[in-house]
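The values are calculated or read from the model by the stated rules, or taken from the named source; none is laboratory data. Note that this is a predicted model, so its numbers are computed, not measured. Don't worry about glycine lacking a Cβ; one is built from the backbone with ideal geometry, like all the others, and counts go over all protein chains shown. Ligands, DNA and RNA are stripped out before the accessible areas are found, and what is left, the full protein with its side chains, is counted by its heavy atoms. Shrake-Rupley method; radii C 1.70, N 1.55, O 1.52, S 1.80 Å.
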Amino acid sequence: MRYAHVGLETAEYYVPGLPADYVSQRYGIPLAEISKLGSAENPYGSSPAALEAVRDNLETLHLYPSWTADPLREKIADTYGCDPSEVICGAGETEILSLITRAFCPPGDKIQMPGPCFPIYHLFAEAEGRIPVLVHTATDRQSMALNVDAYINAIEPDTRIVYVTNPHSPSGTWLEEAEVRRIVEASADALVVLDEAYVHYSDTPGYIHLAAEYDNLAVLRTFSKVYGLAGLRVGFGVARRAVVDALLAVKPTWNMGQLQISGGIAALDDHAHVARTVETIVKNRMYVQNRFEELDRFQIVQNSRANFFLVEILDPDTDSTKVFEGLLERGVVVKDGSVSFRGLDDRFLRCDVNLKQHMDRLVDALADLP
Ligand SMILES: Cc1ncc(COP(=O)(O)O)c(C=O)c1O
């Protein structure tokens, strides 16, 4: 049988962080002793306010939700000082990324992204017959910083979408506002998608306010990280109304269920959960960085502003897959750079920042590897 879409003939799927119960069963390690550091989830679980709202709204499940998720749009607009018509909601940011791919890049044209990056950017592009262009500008392995000039120079006349992730994944590196503005202003014929999935961990308000200034910018956020709602599937984007209208036109009509809408609304007001999570991540990011000084075969890529960091493997006698497997046997789940990120070689792992005991377990397990 022939499939219509080019991408489907060479299907490549997202490689998620391994689930704890799988690792527990495969290696015979009690579930409670698994350190799950490969999916950048919230160590404190879901926002309690969101959970309560979800429970309180179970009785609405016989009703169709607003197809544009209007109650959530209004809450987001209220929170960030924009108009509800400038907000798009999706089943996680991931769904919005697929809408953007279809609405803003014709088949055969280019979508630019830093290499390495969140794999969904290039997987969706390929599955939809668009051309992903991974621009590898980071020459310094110890900082992995995006070279903004080189990134801008790579934009071509048929580049329709330009991704910027801030903080970046997998490196956690940070771009100042002036640098983001430069990229947006240099991309007049392309939509810049600023993915702020991890922005809370930068301890800044992020750059949603820029969406009001530029007609070629969409800023995306997720409820999966700091709000602890990865399993609920809620994300949103803020952009000019014309951008949002184009996304609504390709959106599956009722993409957001009642529980996603009510959970998202409540989470936005759960400042205590956000503050507690950010405080722990920022503190333990520093803690784990210090503990890595004890290791001579591994070093942290510095200056992550996210809830994860890259580890560089300095020992030439091993590689990321061997270290990844060795950590699994010791109950520690991370991401194998060479498998999880296109363009990241076998010298890197991506590890989450989490509770102190998990940071200790990670460092102790790395020290214990043969
Ligand atoms: C950079 C980046 N953007 C977006 C997402 C997806 O978020 P969501 O769960 O909202 O689909 C992730 C998830 O890991 C991510 O790393």
- [ ] Could you tell me which of N303, C351, L268 has its Cα farthest along the dipole of the stretch 266-370 towards the positive end, charges placed at Cβ (Lys, Arg +1; Asp, Glu -1), taken about the Cα centre?
- [x] L268
- [ ] Give me the distance in nm between label points sitting 7 Å out from Cα along the Cα-to-Cβ direction at Q302 and E213, one decimal.
- [x] 2.9 nm
Open item on the list: At 0.36 nm per residue, and after removing the present C-alpha to C-alpha distance, how many nm does the segment from D149 to D21 gain when stretched out fully?
Closed with: 41.6 nm
TODO: Using amide H atoms built 1.01 Å from N in the peptide plane, name the residues 5+ places from L191, or on other chains, whose amide H lies under 5 Å from its own.
DONE: I161, V162
- [ ] Quick one: pull the percentage of alpha-carbon pairs in the stretch 28-95 with a separation above 21 Å.
- [x] 50 percent
Task: the stretch 48-269, accessible surface, carbon-and-sulfur percent (1.4 angstrom probe) - done: 53 percent
Task: Relative contact order of the chain, defined on C-alpha pairs under 8 angstrom at six or more residues apart (%) - done: 24 percent
TODO: Name all residues of the stretch 27-62 having a backbone nitrogen under 16 Å from the label point set 7 Å from the Cα of R276 along its Cα→Cβ direction, giving them as ranges.
DONE: 42-53
Task: Given charges at Cβ of Lys, Arg, Asp, Glu: the chain dipole, positive-most of L146, C117, G38 - done: G38
TODO: Report, in whole Å, the centroid distance computed from the Cα atoms of the stretch 278-320 and the stretch 167-203.
DONE: 23 Å
Task: Karplus-derived 3J(HN,Hα), 6.51/-1.76/1.60, for each residue of the stretch 233-245, Hz, glycine and proline x - done: 6, 9, x, 8, x, 10, 7, 4, 4, 5, 5, 4, 4
TODO: Restricting to the stretch 174-297, compute how many DSSP beta bridges are antiparallel as a %, nearest 5.
DONE: 55 percent
Task: Antiparallel DSSP beta bridges within the chain, as percent of all bridges there, nearest 5 - done: 50 percent
- [ ] Pairs to check: K36/K110; K283/K335; K36/K251. Give those whose C-alpha atoms are more than 31 Å from each other in this structure.
- [x] K36/K110; K36/K251
TODO: Compute the Cα gyration tensor for the stretch 214-331, then decide on rounded, prolate or oblate, letting a ≥ b ≥ c be the square roots of its eigenvalues: rounded whenever a/c is under 1.5, prolate when a/b is larger than b/c in the other cases, and oblate in all that remain.
DONE: prolate
TODO: Report K283's accessible area, 1.4 Å probe, all protein chains in place, as a number in Å² to the nearest 10.
DONE: 130 Å²
Open item on the list: Just want the answer: with Cβ charges of +1 for Lys and Arg and -1 for Asp and Glu, which residue in A242, G90, I208 is farthest toward the dipole's positive end in the chain?
Closed with: G90
- [ ] Over the chain, give the accessible area per residue in Å² for a 1.4 Å probe, as an integer.
- [x] 42 Å²
Task: Long-range amide H partners of T165 with built H, under 5 Å - done: D195
- [ ] Per DSSP H run of at least 4 residues, take -39500 (n - 2.57); add these up for the chain, divide by its residues and hand me the 222 nm value, nearest 500 deg cm²/dmol.
- [x] -11000 deg cm²/dmol
- [ ] Just check the stretch 1-125 against the gyration tensor rule for me: Cα atoms, a ≥ b ≥ c as the square roots of the eigenvalues, rounded for a/c under 1.5, and otherwise prolate or oblate depending on whether a/b exceeds b/c.
- [x] oblate
Open item on the list: Loop-only GluC sites (Glu not before Pro) in the stretch 121-189, please: DSSP not H, G, I, E or B, and at most 15 other Cβ atoms within 10 Å.
Closed with: E176
Task: Fraction of beta bridges assigned by DSSP in the stretch 48-269 that are antiparallel (%, nearest 5) - done: 35 percent
Task: Rg/Rh ratio calculated on Cα atoms of the chain (Kirkwood radius) - done: 0.96
Task: Label point at Y14 placed 7 Å out along Cα→Cβ; residues across the stretch 40-82 whose backbone nitrogen lies under 17 Å - done: 40-42
- [ ] Only loop residues by DSSP count here, and only those with at most 14 other Cβ atoms within 10 Å; note down the chymotrypsin sites (Phe, Trp or Tyr not before Pro) in the stretch 183-284 that meet that.
- [x] W254
TODO: Give the whole-number value, in cubic angstrom per residue, of the convex hull volume spanned by the C-alpha atoms of the stretch 48-269.
DONE: 114 Å³
Task: Integer Hz, Karplus 6.51/-1.76/1.60 couplings in order for the stretch 183-193, x for Gly and Pro - done: 5, 5, 5, 7, 10, 3, 9, 10, 8, 8, 10
Task: Gyration tensor verdict on the stretch 203-265 (Cα atoms; rounded if a/c is under 1.5, prolate if a/b is larger than b/c, oblate otherwise) - done: oblate
